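Asks: First, the structure itself, so that you have it in front of you.
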Amino acid sequence: MTNLLIKSLLVGAGLALAPMSAYGANTTQDPEITDVKIKLKGYVFGIKVIKADYQTQIGAHRYTVFSNLRTSGLGALLKKFNIWSLTRGHFDGADLKPETHLQQNMDKKHRRVEMRYGENAVDIDINPRLGSQGKPPASPEQRFQADDTLSAILNIMMRGYQTDDEICSGVVPVFDSKQHYNLRLKRAGTRKIKQRGYKGETIKCLAYYEPVSGFDPEDLPSQEEQSTPVILYLAQFPEYKFSIPVRMTYKISGFKAVIKVRDIQINKRPAAKFVDFGDDFKTQETNLYARNMIAVKK
């Protein structure tokens, strides 16, 4: 379960990149967009095992999130994996409204997840199919009302600036195409971070992982895992209306993982520069290939 939690946080730590469409079609133009690019590295017991890239585009009304996660260093020798994801949706001034979520696993199975949000339901296509949807499975209402993994972290980042929620407060419901869980946030003071990629004050934020539905018995966290939060260190960028997690740590008996930001780039651009990856999944993938954001399947 621990590895699943860390992977979920990494895959979901993404930000934004494409336009609106689908059920929430809105022709309102954003006056400008904020573009964010982040590079992270993950360590287990001090050994580098994961690298991740994230790129963000978000305006006043629309957003997209892209992430690319792969094993690195010793992790690549032990078990290789490469996962990229793209979410697109719109922002109504209070909540993020995902419209499509695409995830491609580049392992032997090449499992692909396609999620399309309608007016009150989520259409999900997983190929190859999963052996189980958990006991009990997530209900249609739970699936629709939760954020996808990429929107969930963006939700955390926008709190205190662009939504009614305070920084590091409340609950973020998440649905990852099978499992539905909550990230319960609790503020725990401040800490000065000094690392390559970021130096400065941060808000210490405790994120408790609370399973709700869609879990098989063997995937449920132990009592220790459920009571131990992932610690997010949120750097404040008020001029861009964001909190960015520059460091994430998780430590239980026999396991310690740290994820560190190694580079942050934030810029504002005219709304006309917003990148449109397309509405259908095949077009999105084609445009990602064309921009060299993902590698061709082998």
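Asks: Give me the one-decimal nm value for the distance between modelled label points at Lys199 and Asp123, 7 Å along each residue's Cα-to-Cβ direction.
Replies: Calculated label separation equals 5.2 nm.
Asks: If you don't mind, another one. Can you sort Thr228, Thr163, Thr100, Thr87 from fewest to most other Cβ atoms within 10 Å of each residue's own Cβ?
Replies: On the way: Thr228 20, Thr163 15, Thr100 24, Thr87 30.
Taking fewest neighbouring Cβ atoms as first place, the list is Thr163, Thr228, Thr100, Thr87.
Asks: Shape call for the stretch 167-278 from the C-alpha gyration tensor, a ≥ b ≥ c root eigenvalues: rounded (a/c under 1.5), prolate (a/b greater than b/c) or oblate?
Replies: Details: a/c = 2.15, a/b = 1.35, b/c = 1.59.
It comes out oblate by the Cα gyration axes.
Asks: So how much slack lies between Leu130 and Glu218, counting 0.36 nm per residue of separation and subtracting their Cα-Cα distance, in nm? Show your work: numbers first, answer last.
Replies: Values: separation 88, 0.36 × 88 = 31.68 nm, distance 1.50 nm.
This chain segment gains 30.2 nm when fully extended.
Asks: What does the C-alpha gyration tensor say about the overall shape of the stretch 239-298? Classify as rounded when a/c is under 1.5, otherwise prolate if a/b is larger than b/c, or oblate.
Replies: Details: a/c = 3.03, a/b = 1.45, b/c = 2.09.
Judged from the Cα gyration tensor, the stretch 239-298 comes out oblate (a/c at least 1.5, b/c at or above a/b).
Asks: Cut-off is 10 Å between beta-carbons; in what order do Arg62, Arg187 appear when sorted fewest neighbours first? Present the calculation step by step, with values, prior to reporting the outcome.
Replies: Working: Arg62 27, Arg187 14.
Ordered from fewest to most neighbouring Cβ atoms within 10 Å, Arg62, Arg187 come out as Arg187, Arg62.
Asks: Related question: Sort Ser169, Ser67, Ser85, Ser253 so that the residue with the fewest other Cβ atoms within 10 Å of its own Cβ comes first and the one with the most comes last.
Replies: On the way: Ser169 14, Ser67 27, Ser85 22, Ser253 8.
Fewest-to-most ranking of Ser169, Ser67, Ser85, Ser253: Ser253, Ser169, Ser85, Ser67.
Asks: Then there's this: Pick out which of Ile58, Ile126, Ile167 has the largest mean-square fluctuation in a Gaussian network model of the chain, springs linking Cα atoms closer than 10 Å.
Replies: Ile126
Asks: Using bins 10 angstrom wide from zero, how does P(r) for the stretch 2-290 break down, in % of all Cα pairs?
Replies: Going from the shortest bin to the longest, the percentages are 6, 30, 39, 22, 3, 0.
Asks: When only C-alpha pairs under 8 Å and at least 6 residues apart count, what is the relative contact order of the chain, in percent? All intermediate terms of the calculation are to be shown ahead of the outcome.
Replies: Numbers: 751 pairs, mean separation 57.8, N = 298.
In percent, rounded to a whole number, it is 19.
Asks: When Lys and Arg each count +1 and Asp and Glu each count -1, what net charge do the other residues less than 10 Å away from Trp84, Cβ to Cβ, add up to? Numbers along the way, then the final one.
Replies: Numbers: positive: Arg70; negative: Asp53, Glu285.
Overall, the nearby charge balance is -1.
Here, each number is a calculation from the coordinates, and none is a lab measurement. In this text the structure is predicted, and so the values were computed from the model without any measurement. Reconstructed Cβ throughout: ideal geometry from the backbone, glycine too, with neighbour counts over all protein chains shown.
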